[in-house]
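Trainee: The structure follows.
Read the figures in this text as sums done on the coordinates, not as results from a lab. Here the structure is a predicted model, which is why all the values come from computation and not from measurement. As a convention, Cβ positions derive from the backbone with ideal geometry for all residues, glycine included, and neighbour counts pool all protein chains shown.
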């Protein structure tokens, strides 16, 4: 209470200081010190755009920011205010319709977002308040609250770990939803708070945390905790990222923890990494806008010319005001300039039909309805999760056919995120699965390994090595009753492949049972427990790329087991052993397996003494500890004996490789962006054939760069070197790139997060810009790029970088975890995988599919079709070229919209099966090919031609005296109706010509709309409409049809105007036949 | 047309058949429509299919064309310019604004007799009946006999809406500028005697216009009573209820008026003026010979003459059109 009232007084004060001070449990730390509360935001997550109150104005504002809507609004206003030839209803009604439909759609979407937010914000959490456990809603958490989190719950905000149920104050956390790493990470509590394991004790804690203001980097955190115990001097402890539990991460294998909230709500690192969902525009929409501007220009010119002509014509008094057609007094008195202006405006309104309002309605409808086909597609249905595809935005259907770059996440997207032990090789003998190696695939779940090739002792040594050389832990609750059936053991480790190895060893009879009192227990093939004293663990790091353990056997021998990447192990073993295994290792690497080599060495007791001393010394070192330890490790891990190698498969998703190949063939560039380690990612890339065996890899990683003293120099060197290499290879410009791929050496680029940030953010001088451009040049010339160790925001950075390339290529991101959200949002099209890592990705994506393989059909078939359909739709609308208001309104909406809508929903100019099986077809439509200037001009000229034919055809018809047998004459309304009838028929028949896929719906709609036109015309002209002031159309249509010459004219003109199109189609088929033969 | 039916799916539009049946699956229905596998006809236009089609269509139209050509050759037409711009023309005197009403006579000769029904048209050129302001300047409610619109015409009629505080009936620029020349036709007999030729006034307007769209104000009173409270258009000589003696061709349903009110599409236009019906099969409607055309220009006052003269500068024609292919 006190705090709250206090807060009110100094709201805003001290808000933006460099650090924030958090009082644990919101208790003032001491009586003497003034308690100054800072104002922090609450723990509410807001991803919605509107509230109930601001929806209407905000939404309208957003909508009128679209050029088209704004334009139509202007036209509408002109029509309302100025005396114009057409009634305001003509343009007002469709505009109103469009706006309403869009508003409803967006409102609904926002409502869904509100609901999702609420779900998060209202979830229950437990807060320790006044030594009691209080149940609260998540959004009520304040900075400084002590929060209790139980196993498998996600953290509701960013917490500093105070204590956990374990003795050592550690807890395991998986950050899969943040950065995609599914392994467990250990986080620590500060030493002084470990003991506070009860509600009461934790509430008594008096401490203040000083930490930096929220920032988005997930791996950075600097802070300090001052603990005031019993009014003594404060104890200060430093806090690092290992103390910070991030919102969105999940607590694993720890019963419960207590933590104090430091960042809440929109200030959490997750929220900062989350980018607001901005409205995505498709390339087609951009084309539409471009066309719109061209047409707007034409319109303005046309209106200007017409106004000029009007005044030229009116310059003779007879034309201006003939005796039979006098002006009103008001008209005469109007100021001339104003008159010219209003004339100009009314001409604009008159011609505004060349920019079709209804196109937007139709495009929206087409997109909306069209997206159903995606969610209806049976091929996207996944048995496992019992769901099909999900479409979140319908605006981007056609964009799926336009993708140039595909960015994919690895974990959970390409791979299933489970490692599997595939084979091993002992002394050059290969063991595959559980059966003994023959070169063929033996996949039987046969009996225990039948090992005849390698020496029995070596085998056991190898398997023991597998069992011992790791940092795997056995999940505590499974080991309660000591050694039970091995199948019940649950392993956990920071690296999933270690688990795979241990499980692999188990298959061969050696089971790792656990660590007890510093002894590692292994159950061997004879079901005996062997105990090894674990002396030292030489941890894995990405520079050494190996790890070792030193153990003491029961017999007292001291053994060192080492496992690591081949390149890290081979130089450290006797040469003659390498050759045997190298073959296998290389073979496996090509297959895309992760290979690790296992080596061992016996350490004489004397040597061990020395080693032990060195190790302890290094571990104790306060300065340069890392370096010193590395040096010692290096010394120890020499002169080893190679025993064998293992192959672990990071299991790929079903058909991932085929999909990638298809995408490659379709001319797409696939980039893998992952938060994972480089080795893992690389092997996955091999496995999914992103990198081929002949792909030359260019590496830009910490490993390659840190070898030299000055990172930037080295980076620069590498960059220029790679560029030279690539430029030599591709002397021509990028245009020939697609072809070049098939002929030239393929290049793959590997880059990691730290290097990337070096490139992007390095010294702010001119050099950094240079790096960036060189880097981009390299990227563009590589067939495949792998970016590993990426933070979520970095992923988005990459996407943004590529997006802003010259020619602004269309990017597509696909991912499954919360760490992919920013990338999904950044790219043009975001696709979420409905995977195991939660629903965050699919919620924020534009499309969600159950599996990566579905991407193939989504892009190649749906994307292609949608693009072709919408392109046609748009062109058709601009092609559709005046007089009665109702007719005009009806023209766009009824007579000609439905057929094109049906067309645009159902057209399959090429069979879906063909599309999926021949990815090269995709290239044909890449780069927005159908909405470029050429086709656009073609359609425009076609329209102009037809317009001319219509008008002058009818004009000549009216030169003759009588069109009717009884000599009666026709007026201007008949003239218009004839033109209009021809127009409707031509436009509809033109569509019929273009339709290559006639389903019954097409038949119904095309012929139906023609019939409807006729029916409507009769109806509209058949009645004296009481609400209309002018009965212009009365009986015109029926009267018109009674004239034979008009019939003939209509038929003739339709034929004439369709002939160029028919000619084109025929010529094209002739040409195609020629090229075939 | 080359065509191939493409029925890829046997489950054509069939009901969805969930595989499990019991558990609620969210598997999309496996219908042909939803899976985009509707059977479809895929026509391919090739030269081989299009050329024969065109050829056949062409063949069909050849006899039609021949028929049209023959009938159009049978059409006889004579055009008489009575504008009077030429000083030698008898109507030259009528250009002067002072002569009112002005009567002039033009004689002409038919070399061939006109056999069928004959249509008389008047033609005007450079008269913009399609002007936007002009086209709008009418009140269809008034013309349909709506009593309220009769006394309070639409604003569209401005500046021909009211005259001296009385509503104009019919209001608007179209009605005001109605063609009001009177044309009479005489055949010159063998003894140079003049035989008037009956010109039919009715049957020149659309049936629907005459019977539905144009209505006199309701009532049983004489027309004059029914139009009470209105005034004639400024340019007119007579009020609307005195256009014709025939009750069925008077007021708004006067056919000359209705024809004029159907505005022309182009600035040079013709409108049907009179019909000369064929009397019997033995005699031609208009035998070859000499004819007189009597034209009465009715000029209201000097003020308006000025305007008329500007129109008279251009073509005033009377056309005769005989022979119809539609008989």
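Trainee: Can you pull the mean other chain C-beta count within 10 Å for peptide A:307-314?
Mentor: Going residue by residue through A:307-314 and averaging, the value is 0.
Trainee: Please report A:1072, A:66 as a ranked list, fewest other C-beta atoms within 10 angstrom at the top and most at the bottom.
Mentor: A:1072, A:66
Trainee: Using 7 Å Cα-to-Cβ label points, what is the residue A:576/residue A:631 separation (nm, one decimal)?
Mentor: That separation, rounded to one decimal, is 3.5 nm.
Trainee: Based on the mean of other Cβ atoms within 10 Å per residue, sort peptides A:138-147, A:364-373, B:194-203 so the most packed one is first.
Mentor: Working: A:138-147: 22.6, A:364-373: 19.5, B:194-203: 13.9.
Averaged packing, sorted descending, gives the order A:138-147, A:364-373, B:194-203.
Trainee: Per 0.36 nm of contour for each residue apart, how much would the distance between residue A:105 and residue A:185 grow if the chain were fully extended, relative to their Cα-Cα spacing?
Mentor: Separation in residues times 0.36 nm, less the Cα-Cα distance, equals 24.6 nm.
Trainee: So between residue B:112 and residue B:54, what do we pick up on full extension, going 0.36 nm a residue minus the alpha carbon distance?
Mentor: Going from the current span to full extension adds 16.8 nm.
Trainee: Could you list A:629, A:640 so that the one with the fewest beta carbons within 10 Å of its beta carbon is first and the one with the most is last?
Mentor: A:629, A:640
Trainee: Could you check the spin-label model distance between residue A:773 and residue B:132? Points 7 Å from the Cα along Cα→Cβ, value in nm.
Mentor: With each label placed 7 Å out from Cα toward Cβ, I get 5.3 nm.
Trainee: Still on this structure, I have one more. Take A:956, B:33 and order them by how many other Cβ atoms sit within 10 Å, fewest up front.
Mentor: A:956, B:33
Trainee: Follow-up question, since we're still on this one. Separation of the stretch A:853-878 and the stretch A:776-790 by C-alpha centroid, Å?
Mentor: Here the answer is 28 Å between Cα centres.
Trainee: On to the next question. Any idea how far apart residue A:517 and residue A:956 come out in nm if each label point goes 7 Å out from Cα toward Cβ?
Mentor: Computed distance between label sites residue A:517 and residue A:956 equals 11.1 nm.
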